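Take a look at the structure set out below.
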Amino acid sequence: MTTIESSKLLLMRVQKAVGLINHLRDENKELQARFTLVENHNKELQELLDKVSTDQAAIDEAITSALDELDASLAGFEFESFGTLDMEELSEAEDFSAGEGEAEELETFDEE
């Protein structure tokens with residue numbers, strides 16, 4: 001191989017390398033732009049997540065406070081004072097609901 005042929009071969013390799021370097025630089029710029037876009041998007045998502053977390057904490061605190069207030073207001077309330085109806089009271093309530101008790105009450109009222 002002659003010196004001229006070697007020089008031409010070397011020149012072709014250098015040109016190919018320069019072309020590849022330029023292509024890689026363009027690709028690097030594109031990837032850098034995409035990375036910046038993704039980075040900005042991640043920052044926005046983090047801000048949104050922080051806001052949602054703050055809102056969630058406020059909601060949790062409000063629910064806990066409401067439950068505490070409900071517990072406090074029900075603490076003095078005696079559920080046992082309501083009791084249950086015995087069989088006679090239950091029967092009278094059912095008769096009244098069926099309309100049988102009203103007639104008796106009206107008769108008693110008329111008699112007085």
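What follows draws every value from the coordinates through simple rules; no lab data is involved. Just so you know, these numbers come straight off a predicted model, no measurement behind them. Glycine gets a Cβ as well: all are built from the backbone with ideal geometry, and neighbour counts include every protein chain shown.
What to note about this one:
- At R0 = 41 Å, FRET efficiency that the Cβ-Cβ distance of Glu94 and Asp60 yields, to 0.05: 0.35
- Within straight-line reach of Lys51, meaning a Cα separation under 17 Å, sit the following lysines at least 8 residues removed in sequence or on another chain: Lys43.
- Of the Cα atoms belonging to region 1-78, the radius of gyration and Dmax stand at 33.2, 111 Å.
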